[in-house]
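Structure first, commentary second.
The values are calculated or read from the model by the stated rules, or taken from the named source; none is laboratory data. These figures come from a predicted structure and were not determined experimentally. Reconstructed Cβ throughout: ideal geometry from the backbone, glycine too, with neighbour counts over all protein chains shown. In case anyone asks, the SASA skips ligands and DNA or RNA and just uses the protein heavy atoms, side chains included. Shrake-Rupley method; radii C 1.70, N 1.55, O 1.52, S 1.80 Å.
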Number of protein chains: 2
Amino acid sequence: MLDKVLSRLDSNLDNSLEHLFELLRIPSISTDPKYKEDCRKAADWLVNDLKSIGFEASRRDTTGNPMVVAHHPGPTKDAPHVLFYGHYDVQPVDPLNLWEDDPFDPKIKQLNGEKVIAARGAGDDKGQLMTFVEACRAFKKETGTLPIAITILFEGEEESGSPSLQPFLHAHKDELKADYALVCDTSMWDADTPSISIALRGMVSDEIIIHGADRDLHSGHFGGAAANPIQILAKIIAGLHDENGHVTLKGFYDGVEETPEAVLKSWNALNRGPKEFLGPVGLSIPAGEKGRSVLELVWARPTAEVNGISGGYEGEGFKTVIAAKASAKISFRLVHKQDPAKIRKSFRDYVRSQIPADCSVEFKDHGASPAIELAYDSPLVQLAKKALTEEWHKPAILAAMGGSIPIVGDFQSFLGMESLLVGFGLDDDRIHSPNEKYNLKSFHKGQRSWARILTALANK
Amino acid sequence: MLDKVLSRLDSNLDNSLEHLFELLRIPSISTDPKYKEDCRKAADWLVNDLKSIGFEASRRDTTGNPMVVAHHPGPTKDAPHVLFYGHYDVQPVDPLNLWEDDPFDPKIKQLNGEKVIAARGAGDDKGQLMTFVEACRAFKKETGTLPIAITILFEGEEESGSPSLQPFLHAHKDELKADYALVCDTSMWDADTPSISIALRGMVSDEIIIHGADRDLHSGHFGGAAANPIQILAKIIAGLHDENGHVTLKGFYDGVEETPEAVLKSWNALNRGPKEFLGPVGLSIPAGEKGRSVLELVWARPTAEVNGISGGYEGEGFKTVIAAKASAKISFRLVHKQDPAKIRKSFRDYVRSQIPADCSVEFKDHGASPAIELAYDSPLVQLAKKALTEEWHKPAILAAMGGSIPIVGDFQSFLGMESLLVGFGLDDDRIHSPNEKYNLKSFHKGQRSWARILTALANK
């Protein structure tokens, strides 16, 4: 049965590309209200496509862009049941002049000897979500049904902060609950090696604005006597880390666990040291905590990073001013059981303790989410690992991720579901940038990978 | 004799205003090449006016705006000889919509119960330089000559960095050399109290740009492993001062002298403590070096101040980026015998020592000038102090200045001349801002003050 489905995916590739191109031609940019109608169109296109595969599918309007929800009961009443998640909205395309082709006129192109699908959304996330839809279509065509029960949830606001998602999950808990969630919005380890993401760092982001004098001052008249907000800010930032790269905030490491030796060993075996990890971006020396590998630093350790700083005269030339204010955007990546609320409080307490009595500080909360940890050794992960390894002829890597995918936390806390994060993107897909692409091989073997995973779930 | 001259200045005030208004109507903005012809016109106007007083005056063209040079031999061959300096160029007028009146259509207005001359350049520096010219005119009219030998140097590029000034001083050393230089481009202590500026801080300005990765990085993927230029910069800035506010650079205090007790005492008697000095700008606690008065801090102590900082994402919202670079503009105010070149080198050595091996730093030199110290007890200062005190019926203050007037250093180093800095501006004259003004009292009593000072110099 699987063989037939795989054969059909091979022979049907051109057809599946035509489908994808139709979806890619709809400029469903979610951050720009100008494209609201296009987002609706993309949702409708998906509803119709899922109906043609036998799903009971509908567009669900929200105060933002609509959700697409679809259900297929599978072959039998007691079949396993998964929720598949993806998003149909895409990033804006500016600066348009850096694109080699129209971002919404998809094309197959040659790039470094590989065929790629060039278009906005090809890699993030339309191409990825369609790998799953095409696998379903092949099952339906070959067998008249799907191998398991499947609920699909596509959202249209992932690139603009998903404002409607949590309320929607709350309101449709029962409808969306399944045995597992499958998420296709991540990358492979490299072009030949599949990967399952098993840990995601959380994040706390905060902005601080330090106010000194009630106006910009002349540094000749006031220099040496008036508080300088930039210098107060620099001292605060410098004090966030000690000489070993440890974050100094009180209680910061509460809930942080040491990574098991065996896991560290498996990461070390991946041969991604400072040279391989930092070399491509022009660096060579791991910053941050001393005595840990770069993969441990980005996958399993918490951080404090300044993402932006601003104050005083920033133009050409020189102006001898003491600024009235200075500001910084600071984020903390969290791991394991670190508590976002406690960390924000500890940070703000520290900042307040550093402000002179005649100055003041203002904070802006830019959101928070806890870290996510999936079980390395869960049956779901083991099953997917085996299926991926069979397809790619290389053992699938169990990778942590330095970044965050908040939906995974929501599935866990709202719906009590374990998520499986499998994706076929590559680091050079230029998602969020001009000339986004998705390798044709990712699109094709991605479909085959899902066919194998669904089959394995059916036979569990 | 002096009485007659003073009476003439009183009765001639309307006439002297008409003269000043003619000059104020010429929009001699030096930074904007569009006004080059107007700068020439202002120079020609001054040449003609000085000729009418008996000066041998001429316009001296430069590669920028012309100088005006004028000579009067005075009454006898062995008369004392002074060089008077001022500038006829003015600041731009943007934003024009904030002006209550046309900046180049001067008017007498009432402001807080005082008559003021409202126009661009009224206070900086056309009104000030004309106080001296009017004093000369009155002497000429009353006595047929001037009380001492006078050379006048007016420049037209003071508001745009004086690029032609040093070459001109070099080329005309012999012609411009006098016993003393008189400079009228400073302020009074307050509206009723005259002031002589006897020390000016010097300055070294530098910009540093720290480069990390060759592109902006995602802080999720790289945070904790990649160098963060903003954090390196913050550490550098934080390390510039110790916990007592001392600058930590090696050799920074070489050449800094302690201010004599008597001088400190006289400053303390001025009653300008933290409340008076910092209160008006919304501050209350002296920053910088501990254990020193605010006036000592800004008049007699060196500083390190960050004037601007920039890096990463500075817009609305939040972007989890690790910036490829971060930059800061930093200036040092110098006192006494501090060597600008040594301080720049010490600073750059320190910065380089803080840069990780896989990052780099770039420096931009934004200029330097040493501190200027005039003798508190020189006969010239004592004579001027007595003359000013007689005119204003309040003892003239010997004030230091936190800022810099580079010309004074040039007179000292190129022409070996002591300078006397006397001016009649007020802190609220809004020079460089919309609605610039010069108090009519400053214009009138300024003329009378120069008449007294010239008489005192003649009788020395």
Top positive-direction residue, dipole computed over segment A:308-453 with Cβ charges, set A:P340, A:L440, A:Q382: A:Q382
Segment A:89-174 accessible area per residue, 1.4 Å probe, protein heavy atoms, integer Å², reads 38 Å²
Starting from the exponent 0.38 and prefactor 2.2 Å, build the expected Rg for segment B:29-83 from its residue count and divide its actual Cα Rg by it. 1.37
Shape descriptors of chain B over alpha-carbon atoms, Rg and Dmax in angstrom, are 24.5, 84
What would the Debye equation give as log₁₀ I(q)/I(0) for segment B:280-414 at q = 0.12, 0.19 Å⁻¹, counting only Cα atoms as equal point scatterers? -0.74, -1.28
Normalised by the residues of segment B:1-112, what does the relative contact order come to in percent, with Cα pairs under 8 Å and at least six apart? 27 percent
Taking Lys and Arg as +1 and Asp and Glu as -1, residues besides B:F104 with C-beta under 10 Å from its C-beta add up to -2
What's the center-to-center distance, using Cα atoms, between segment B:3-40 and segment A:1-76 in Å? 78 Å
Percent accessible area from carbon and sulfur atoms, segment B:321-397, protein chains only, probe 1.4 Å: 55 percent
Give me the dipole magnitude in Debye, nearest 20, for segment B:1-160 about the Cα centre, with unit charges on the beta carbon: positive for Lys and Arg, negative for Asp and Glu. 580 debye
Taking only protein heavy atoms and a 1.4 Å probe, what accessible area per residue, in Å², does segment B:232-335 have with all protein chains in place? 42 Å²
Using only the alpha carbons of segment B:74-183, determine the length spanned along each of the three principal axes and report them from longest to shortest in whole angstroms. 52, 37, 19
Selection from B:C136, B:S195, A:P260 lying farthest towards where the dipole of the protein assembly as shown points positive, charges on Cβ: A:P260
What's the Cα-based Rg to Rh of segment B:385-453, Rh via Kirkwood? 1.01
Distances in nm, one decimal, shortest first, from B:E100 to the same residue in every other copy, taking the label point 7 angstrom along Cα→Cβ. 6.4
Using a 1.4 Å probe and ignoring any ligands, DNA or RNA, find the accessible area of A:D190 and quote it in Å² to the nearest 10. 60 Å²
Using the alpha carbon gyration tensor of segment B:268-335, what are the three equivalent-ellipsoid semi-axes (square root of 5 times each eigenvalue), largest first, in whole Å? 35, 16, 8
Copies compared at B:P33 - label distances in nm, ascending, label defined 7 Å from Cα in the Cβ direction: 4.5
I'd like the distance between the alpha-carbon centres of segment A:391-460 and segment A:143-210, rounded to an integer number of Å. 10 Å
Using only DSSP helix segments of four residues or longer, with each worth -39500 (n - 2.57), what per-residue ellipticity at 222 nm results for chain A after dividing by its residue count and rounding to 500? -10500 deg cm²/dmol
Just to confirm the numbers: A:N268, label point 7 angstrom along the Cα-Cβ line, distances to the other copies in nm, shortest first? 6.6
Across segment B:350-391, how large is the tail of the calculated P(r) beyond 16 Å, expressed as a percent of all Cα pairs? 66 percent
Would you tally the net charge around B:F411, using a Cβ to Cβ cut-off of less than 13 Å, leaving B:F411 out, and scoring K and R as +1, D and E as -1? -3
Take the alpha carbon atoms of the protein assembly as shown, find their radius of gyration, then divide it by 2.2 N^0.38 Å using N residues; give the quotient. 1.25
Among the lysines, select those whose C-alpha is under 27 Å from the C-alpha of B:K109, and discard any that sit fewer than 8 residues away in the same chain. B:K41, B:K126, B:K394, B:K437, B:K441, B:K445
Semi-axes (Å, rounded, descending) of the ellipsoid equivalent to segment A:79-135 per its C-alpha gyration tensor are 27, 15, 7
Given the options A:N244, A:A326, A:P302, identify the residue whose Cα lies farthest towards the positive end of the charge dipole of the protein assembly as shown (+1 on Cβ of Lys, Arg; -1 on Cβ of Asp, Glu). A:N244
Are there any residues in segment A:267-281 with a reduction of at least 30 Å² in accessible surface when going from the isolated chain to the assembly of protein chains? Probe 1.4 Å, please list them by number. A:F277, A:V281
Answer in debye to the nearest 20: the dipole magnitude of chain B about its Cα centre, from +1 Lys/Arg and -1 Asp/Glu charges placed on Cβ, is 560 debye
Under a Cβ-only charge scheme (Lys and Arg +1, Asp and Glu -1), can you give me the dipole magnitude of segment A:59-119 about the Cα centre, in debye to the nearest 20? 360 debye
Between A:E22 and A:S284, what FRET efficiency comes out of the Förster formula 1/(1 + (r/R0)^6) with R0 = 45 Å and r the beta carbon distance, rounded to 0.05? 0.50
For segment B:158-278, inverting the pair-averaged 1/r of distinct alpha-carbon atoms gives a Kirkwood value in Å of 21.0 Å
Using a 1.4 angstrom probe with every protein chain in place, what is the largest-first accessible-area order of A:W267, A:W189? A:W189, A:W267
Within the set A:K173/A:K342; A:K235/A:K342; B:K265/B:K345; A:K115/A:K177, which residue pairs have Cα atoms separated by over 26 Å? A:K173/A:K342; B:K265/B:K345; A:K115/A:K177
Rg/Rh ratio calculated on Cα atoms of segment B:203-260 (Kirkwood radius): 1.17
With all pairs of different alpha carbon atoms counted, what Kirkwood hydrodynamic radius in Å does segment B:1-109 show? 16.2 Å
As an exercise, take the mean of 1/r over every pair of distinct alpha carbons in segment B:346-460, invert it, and state the Kirkwood radius in angstroms. 17.9 Å
Kindly compute the accessible surface that chains A and B hide from a 1.4 Å probe when together, both sides summed, and give it to the nearest 100 Å². 5400 Å²
